[in-house]
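Q: I'd like to ask some things about the structure below.
The values are calculated or read from the model by the stated rules, or taken from the named source; none is laboratory data. These figures come from a predicted structure and were not determined experimentally. Neighbour counts run over all protein chains shown; Cβ positions are idealised from the backbone, glycine included.
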Amino acid sequence: MSERQETPVQEIAKSCKNEVPERFIHKNGYPQAQVDFVPLMDDFVVDFSLLFDHSSSESHHLELAKLQSALSQWGCFQATNHGLSSTFLDEVRQVTKQFFHLPLEEKLKYSRLMDDYDGYGNDTIVSENQTLDWTDRLYLSVHPEDKLKLQYWPEKPLAFRKVINEYTAKLRMMFEPLIKAMARCLSLEENCFLKEHGESVNMAGRFNYYPPCPTPQSVLGIKPHADGTTLTMLLQDSEVEGLQVLKDEQWFRVPVIPDALFINVGDLLEIMSNGRLKSPVHRVVTNSDKERMSLAVFCLSDPNREVGPVAELISDEKPQMYKRVQQYQDIFFQYYQLGQRPLDAVKI
């Protein structure tokens, strides 16, 4: 059985002076650790309003082509003009920040149990040799309603539940048109991924807090991984960079665009697309003097639903690459914590 790292990283950061505990240190460092030496990603901003506005066919097709280019090159993109105001996005960031700035005893009321994903905590320890991530998180199931575990939903700050319910409801409305647009990018019938995925979508939010780290050259906020989702929608910190994406064995910085949502393909969509869409490997670096926060909303199929490559993408020239899977999140967490790629477990 896995255990939970007892002391929040936020508390360790307050007391560790210039040294961090051994279990957080990547022994050989890691290449391009310093953010300043990692190049920025280029040209992957997509205008949602044009992507879904069929009345202006030329602008719509140009934006669809931009989406196709971003997905083929990166497996991710920054979405602007998505209908969420700057003021509202700042409210989402504010309630996240307020939660992590609560007294420790208040946050501990929402501690994750050993056999649960939901709740407040940090890295799940599955191996004595595991290098721990320099982050605390609050993980909440947010949809469907019967999956909510309200005992983990903070009652402070007072606006938390209202703001997060409103935010995730708006993201849920984006999911279907977005996955249809991705199918059109591949010149497929627009409902093909939706039919394979199932029209219901399970959603969970991961609120991330990265304290300042005195040794950013040897400690990661989150180790390299790809997401075990269909899609992930990330609200970045409005000021502090940290997210990096791997492309062709080179790390690239994801720039901060305060009003944008960073959206990436997950493993489930890579499976459904039979490898045509790639789930990008990414990591989070630490910062020596600034805290950083973000909110990732994970969109997944029902875990009991069997998901596999859509039939239109299987041929003699392109045989089926992945098995059909159920309960992929269980596979994902087991492999992720060991630093291995979960997709490898379901390749044919």
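Q: Output the number of the condition that SER301 fails; it satisfies all remaining conditions of (1) within 24 Å of ALA181 (Cα to Cα); (2) crowded, with 17+ Cβ neighbours inside 10 Å; (3) more than 16 Å from the chain's Cα centre (by Cα).
A: If we test SER301 against (1) within 24 Å of ALA181 (Cα to Cα); (2) crowded, with 17+ Cβ neighbours inside 10 Å; (3) more than 16 Å from the chain's Cα centre (by Cα), just (3) comes out false.
For (1) in a loop (DSSP other than H, G, I, E, B); (2) out of contact with any Phe, Trp or Tyr (no Cβ under 9 Å at 6 or more places or on another chain), each residue gets a yes or a no:
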residue: ASP146; (1), (2): no, yes
residue: ILE164; (1), (2): no, no
residue: LYS170; (1), (2): no, no
residue: LEU178; (1), (2): no, no
residue: GLU190; (1), (2): yes, yes
residue: GLU199; (1), (2): yes, yes
residue: TYR209; (1), (2): no, no
residue: THR215; (1), (2): yes, no
residue: SER218; (1), (2): yes, no
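The rows are residues; the columns are (1) surrounded by 15 or more Cβ atoms within 10 Å (Cβ to Cβ); (2) in contact with a helix residue (DSSP H, G or I) (Cβ under 8 Å, 6 or more places away or on another chain); (3) of a type in the set (Gly, Ala, Ser); (4) under 16 Å from LEU295 (Cα atoms).
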position: GLY83; (1), (2), (3), (4): no, yes, yes, no
position: LEU89; (1), (2), (3), (4): yes, no, no, yes
position: VAL95; (1), (2), (3), (4): yes, yes, no, yes
position: TYR120; (1), (2), (3), (4): yes, yes, no, yes
position: ARG137; (1), (2), (3), (4): yes, no, no, yes
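Q: Ok, one more. Mind checking which residues of region 304-315 are exposed (fewer than 15 other Cβ atoms within 10 Å of the Cβ) and either modelled with pLDDT under 90 or β-branched (Val, Ile, Thr) (or both)?
A: Result: ASN304, ILE314.
Q: Looking only at region 235-254, which residues are of a type in the set (A, V, I, L, M, F, W, C) and either closer than 18 Å to LEU295 by Cα or not in a strand (DSSP E or B) (or both)?
A: Here is the first cut: in region 235-254, the residues of a type in the set (A, V, I, L, M, F, W, C) are 235, 240, 243, 245-246, 251-252, 254.
Once the filter is applied, which keeps residues that are of a type in the set (A, V, I, L, M, F, W, C) and either closer than 18 Å to LEU295 by Cα or not in a strand (DSSP E or B) (or both), region 235-254 yields LEU235, VAL240, LEU243, VAL245, VAL254.
Q: Inside region 1-104, counting only helices (runs of 4 or more DSSP H) that do not spill past its ends, which hold 1 or more residues that are more than 25 Å from GLY266 (Cβ to Cβ) and at pLDDT 85 or above? First the steps, then the outcome.
A: Numbers: elements: 9-15, 48-51, 57-73, 86-100.
Of the helices (runs of 4 or more DSSP H) lying wholly inside region 1-104, those with at least 1 residues that are more than 25 Å from GLY266 (Cβ to Cβ) and at pLDDT 85 or above span 9-15, 57-73, 86-100.
Q: Right, another one. Given the conditions (1) more than 13 Å from the chain's Cα centre (by Cα); (2) crowded, with 21+ Cβ neighbours inside 10 Å; (3) within 28 Å of ALA169 (Cα to Cα), report the number of the one that TRP251 does not fulfil.
A: Checking TRP251 against (1) more than 13 Å from the chain's Cα centre (by Cα); (2) crowded, with 21+ Cβ neighbours inside 10 Å; (3) within 28 Å of ALA169 (Cα to Cα), the one that fails is (3).
Q: A follow-up question, please. For region 280-319, how many residues are hydroxyl-bearing (Ser, Thr, Tyr), touching a residue at least 12 places away in the same chain (Cβ under 8 Å) and in a loop (DSSP other than H, G, I, E, B)?
A: The initial filter retains those residues of region 280-319 that are hydroxyl-bearing (Ser, Thr, Tyr), namely 286, 288, 294, 301, 315.
In the following step, the residues that additionally are touching a residue at least 12 places away in the same chain (Cβ under 8 Å) were identified as 286, 288, 294, 301.
With the extra rule that they be in a loop (DSSP other than H, G, I, E, B), the set shrinks to 286, 288, 301.
Going through region 280-319 one residue at a time, the tally reaches 3.
Q: OK, next. For LEU150, all conditions in the list (1) surrounded by fewer than 18 Cβ atoms within 10 Å (Cβ to Cβ); (2) in contact with a strand residue (DSSP E or B) (Cβ under 7 Å, 6 or more places away or on another chain); (3) aliphatic (A, V, I, L, M) hold save one; what is the number of the exception?
A: (2)
Q: Considering region 225-262 alone, what residues qualify as being over 26 Å from GLN327 (Cα atoms) and among the acidic types (Asp, Glu)?
A: Of everything in region 225-262, those that are over 26 Å from GLN327 (Cα atoms) and among the acidic types (Asp, Glu) turn out to be ASP237, GLU239, GLU241, ASP248, GLU249, ASP259.
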